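Take a look at the structure below.
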Amino acid sequence: MSNETRVRSAVALAGRLTDIRRELHQNPELSHEEFETTIRIRRWLQEAGIRIAEYPLQTGVIAEIGGQRPGPVIALRADIDALPIQEETGLPFASTVPEKMHACGHDFHTAAIIGTAYLLKEREHELQGTVRLIFQPAEEKAKGARQVIASGALEGVRAIFGLHNKPDLPVGTIGIKGGPLMAAADGFVVEVAGQGSHAAVPEAGNDPVVTASHIVTALQSIVSRNVGALDSAVISVTKLNSGTAWNVIPEKAVLEGTIRTFDANVRRRVRERFDQVVEGVAIAFGTTAKVRWIEGPPPVSNDEGLAELAWREAEHLELLPIAPVPSLAGEDFAAYQQLVPGLFVFVGTDGPREWHHPAFDLDERALPIAADFFAGTALRALTELASEAGDGTKA
């Protein structure tokens, strides 16, 4: 392919992916509701002659490219769901659905991997194996990856790759790091039960609001006194609900929040101490408390060999690979990594706001860059995995 033809092809791809991303952005759907998004993705893939692999998923799409030559199966994953946020960007292609927005950039991820599919389809005859494309629902609920696994779509996969846009990195930058990259994200609900009374005579009851307030304060000591200085953990109480009137001490107070950790031992220790602190404070104030845990995804921990492979591809494409600072945000891509080697990377998008902000946006010039990077990484991974097998077939 001549340089002139390559440039024309890149420009055409950029325009097409921008159109796809904007159509998705205007029509966001929440977790488990991505029915129209699923229809759109299927149509865009089928129009390019890419075969759809039928798996028992209500929403989401699995597709495949390759298989014409023997070799391993690798997977590329994009998430497709939006968030319950009212958009405040003022963009001409802003969400047309009230209280729903692609405020985390999953529209970017979907469009980028569709672009990767287009590029791989053009080179399908070169593939030493099969690329399985996973357009996953319900990432924001941390349930979609498990649904994909339960459907059987990960069976036979030797390695899996995924991405997240990163608004604090410039376009052309790829964040690649072996080991921990994103945190385990557990949720909690604490119900404190006391005894109500008139606010003028608190001695006649047992105030759960006072207990809850002391629990919030006491929980902060866990990280500073039970987690090593070289380890990481965050405990955030994000909701505290109690009472119905200004002059009534209520019967109950409810706390909610999240814990973020990178290490399995730290995760276990923090949860143990959390239970002990809650119980101890409640007893000290003559109340009772129950903790309910909301199990989140484990940490995203990248395969070192796949990280090295992707780094080489980024350099080959004259992009800027960097070792990113790990994020305490959670990602259910980690569920795949419990079963097969995986690599999750950050793609620089130079955005004005962080994830989940109502004014979140990104630089769409990163779309063809991401598509090109993942196409090249997929080709490289298939070639190297086939070589490791020795005969081009699955090891």
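The values are calculated or read from the model by the stated rules, or taken from the named source; none is laboratory data. Model, not experiment: these values are computed from the prediction. A quick note on method: Cβ atoms are made from the backbone with ideal geometry, for glycine too, and the neighbour counts reach across all protein chains shown. Each accessible area value is taken on the protein alone, full model and side chains, heavy atoms only, with ligands, DNA and RNA left out. Shrake-Rupley method; radii C 1.70, N 1.55, O 1.52, S 1.80 Å.
Given the structure, is Val209 closer than 24 Å to Ala289 by Cα, open to solvent by 10 Å² or more (accessible area, probe 1.4 Å) and β-branched (Val, Ile, Thr)? Yes; evaluated as a whole, the condition is true for this residue. If you filter segment 20-63 down to residues that are over 18 Å from Asp81 (Cα atoms) and among the charged types (D, E, K, R), you find that the one that is least open to solvent (accessible area, probe 1.4 Å) is Arg51.
Could you tell me whether segment 95-108 includes any residue that is aromatic (Phe, Trp, Tyr) and open to solvent by less than 10 Å² (accessible area, probe 1.4 Å)? Taking every residue of segment 95-108 in turn, at least one turns out to be aromatic (Phe, Trp, Tyr) and open to solvent by less than 10 Å² (accessible area, probe 1.4 Å).
The residues on offer are Ala159, Ala112, Ala200, Ala103, and the sole one that is assigned to a helix (DSSP H, G or I), in contact (Cβ under 8 Å) with a residue 40 or more places away in the chain and either more than 19 Å from Pro297 (Cα to Cα) or touching a strand residue (DSSP E or B) at 6+ places or on another chain (Cβ under 6 Å) (or both) is Ala112. Among the residues in segment 205-212, are any in contact with a helix residue (DSSP H, G or I) (Cβ under 8 Å, 6 or more places away or on another chain) and assigned to a helix (DSSP H, G or I)? Yes. Looking only at residues of segment 311-347 that are more than 19 Å from the chain's Cα centre (by Cα) and assigned to a loop (DSSP other than H, G, I, E, B), we find that the one that is nearest to Asp168 (Cα to Cα) is Leu319.
Residues of segment 161-183 that are within 16 Å of Glu313 (Cβ to Cβ) and over 14 Å from the mean Cα position of the chain (by Cα): Gly172, Thr173, Ile174, Gly175, Ile176, Lys177, Gly178. Checking each residue in segment 73-86 for being surrounded by 24 or more Cβ atoms within 10 Å (Cβ to Cβ) and of a type outside the set (A, V, I, L, M, F, W, C) picks out Arg77, Asp79, Asp81. Do you know which residues across segment 46-73 are over 14 Å from Arg132 (Cα atoms) and not hydroxyl-bearing (Ser, Thr, Tyr)? Of everything in segment 46-73, those that are over 14 Å from Arg132 (Cα atoms) and not hydroxyl-bearing (Ser, Thr, Tyr) turn out to be Gln46, Glu47, Ala48, Gly49, Pro56, Leu57, Gln58, Arg69, Pro70. Taking residues in segment 169-181 that are over 9 Å from Asn302 (Cα atoms) and open to solvent by 40 Å² or more (accessible area, probe 1.4 Å), and partners anywhere that are at pLDDT 95 or above and outside any loop (DSSP other than H, G, I, E, B), the pairs with Cβ atoms closer than 6 Å and at least 6 places apart or on different chains are Pro170/Gly348; Val171/Gly348; Val171/Ala366.
Test each condition in (1) under 20 Å from Pro326 (Cβ atoms); (2) within 22 Å of the chain's Cα centre (by Cα); (3) of a type in the set (Val, Ile, Thr) for Thr238 and report the one that comes out false. If we test Thr238 against (1) under 20 Å from Pro326 (Cβ atoms); (2) within 22 Å of the chain's Cα centre (by Cα); (3) of a type in the set (Val, Ile, Thr), just (1) comes out false. Considering only residues of segment 78-97 that are part of a loop (DSSP other than H, G, I, E, B) and acidic (Asp, Glu), which is farthest from Gly60 (Cα to Cα)? Of everything passing the filter in segment 78-97, Glu88 is farthest from Gly60 (Cα to Cα). Among the numbered conditions (1) more than 22 Å from Ser327 (Cβ to Cβ); (2) in contact (Cβ under 8 Å) with a residue 24 or more places away in the chain; (3) not basic (Lys, Arg), the only one that Pro98 does not meet is (2).
Determine whether segment 130-152 contains at least one residue that is open to solvent by less than 30 Å² (accessible area, probe 1.4 Å), touching a Pro at 6+ places or on another chain (Cβ under 6 Å) and closer than 21 Å to Gly305 by Cβ. No, segment 130-152 has no match at all. Annotation: Ile74 fulfils all but one of (1) in a strand (DSSP E or B); (2) without any contact (Cβ under 8 Å) to a residue 24 or more places away in the chain; the unmet one is (2).
Out of Leu319, Leu385, Leu343, Leu328, one residue alone is touching a strand residue (DSSP E or B) at 6+ places or on another chain (Cβ under 6 Å), open to solvent by less than 40 Å² (accessible area, probe 1.4 Å) and closer than 26 Å to Asp186 by Cα. It is Leu343.
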